[in-house]
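Before any comments, here is the structure.
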Amino acid sequence: MPTARNTQTDYQKPRYQWQPLDSILLVVVGCFIAWLVYRSSAGIHYQWRWHDAVTLLFSAKADGSLPYFVQGIIATLRLSLWGMMLALLLGTALGVAKFSRLSLLNIPANIFVQLVRNMPPLVFIFIFYFFISNQLIPLLGLQSILREYSQSTSMMQEILFGPSALWENLLSGVLCVGLLSSAYVAEIVRAGLTALPKGQWEAGHSLGLSRWSQFRYVIGPQVIALITPALAGQSISLVKDTSIVSLISIQEMTFVGTEIANSSGLIFEIWLIIGACYFVACYLLSRLFRRIEIKSNQHLNHH
């Protein structure tokens, strides 16, 4: 039986040792970047204007509000957060339904997953936005909140949902990226449930636990530890997929960056900055999931 100290040591990531080959690769990459910069200046006579691009993107507006590009970054993070929550909740429910032996649950979940996974994301977004979203909002009676909201909003509402004039766009974007990602989360959850040995279910049953208690105390923690790496990859994909909703005029980072790049002519600089912002967001998310994976493994070994 491993002790807590041994368990923590087993899952600590070993410190990386710098190798001579790393130095060679770093030099090669540096030379390649320098060659690209030189060719862009000498070959196509492109004048880099990094100062102008950074000033344009991150300078506050005349009225003191946040820069347009920063608002786009916040909108991307907001879309990612709510879309991720929807994908995890709906995807988990669909994964459990697909794992179930009841046809009433299994068949509809499988139909949804197959439809979404085998349809191009762009086609799905256009179908959903133009044919479903426009009909869904009036059907649910949400016009007064999403389209005709005239009351003042609190700071918390602004942080969580953005300006009231863009609530309809936010809902459409969250539903698009959340539903798209939920199909893949469902397959991840189903695979995690299938991978567990049958003896784990039998152990929970022999202890007299109900089906819900088996999922909560026996099956759930083990499945979470198994599927955390796959969920990390899917969550990172969701963050990158938020750029697709710019095609339906949702003002996230890609949409805002496109407008600024086209109006200023600073094409290369702005798109490189946009790429760097996506990289930072996805890298930080991967580190977060790495910590969750380590904690889940430690928790399982303690028990």
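Brief remarks on what is shown
- Rounded to the nearest 0.05, the FRET efficiency derived from the C-beta distance between Asn262 and Ser23 at R0 = 41 Å is 0.50.
- Once the chymotrypsin sites (Phe, Trp or Tyr not before Pro) in DSSP loops with at most 10 neighbouring Cβ atoms within 10 Å are cut out of the chain, the longest remaining piece is 19-303.
- DSSP H segments from the chain that extend 24 Å or more along their own axis, Cα-based, with Kyte-Doolittle mean of 1.0 or above: 20-42, 68-99, 167-195
- Of the trypsin sites (Lys or Arg not before Pro) in the stretch 62-160, the ones in a loop by DSSP (not H, G, I, E or B) with at most 12 other beta carbons within 10 Å are Arg101.
- Placing a label point 7 Å from the Cα of Tyr68 along the Cα-to-Cβ line, the residues of the stretch 245-289 whose backbone N sits under 12 Å from it are 255-265.
- At R0 = 35 Å, FRET efficiency that the Cβ-Cβ distance of Asn134 and Lys61 yields, to 0.05: 0.65
- Projected label distance in nm at Asn106 and Leu272, using a 7 Å step from Cα toward the beta-carbon: 5.5 nm
- Here r is the Cβ-Cβ distance between Arg39 and Phe161 and R0 is 45 Å; the resulting FRET efficiency, rounded to 0.05, is 0.50.
Every number here is computed from the coordinates shown, using simple stated rules; none is lab data. The shown structure was predicted, so the numbers you read here are calculated from the model rather than taken from an experiment. Glycine also receives a Cβ, built like all others from the backbone with ideal geometry; neighbour counts cover every protein chain displayed.
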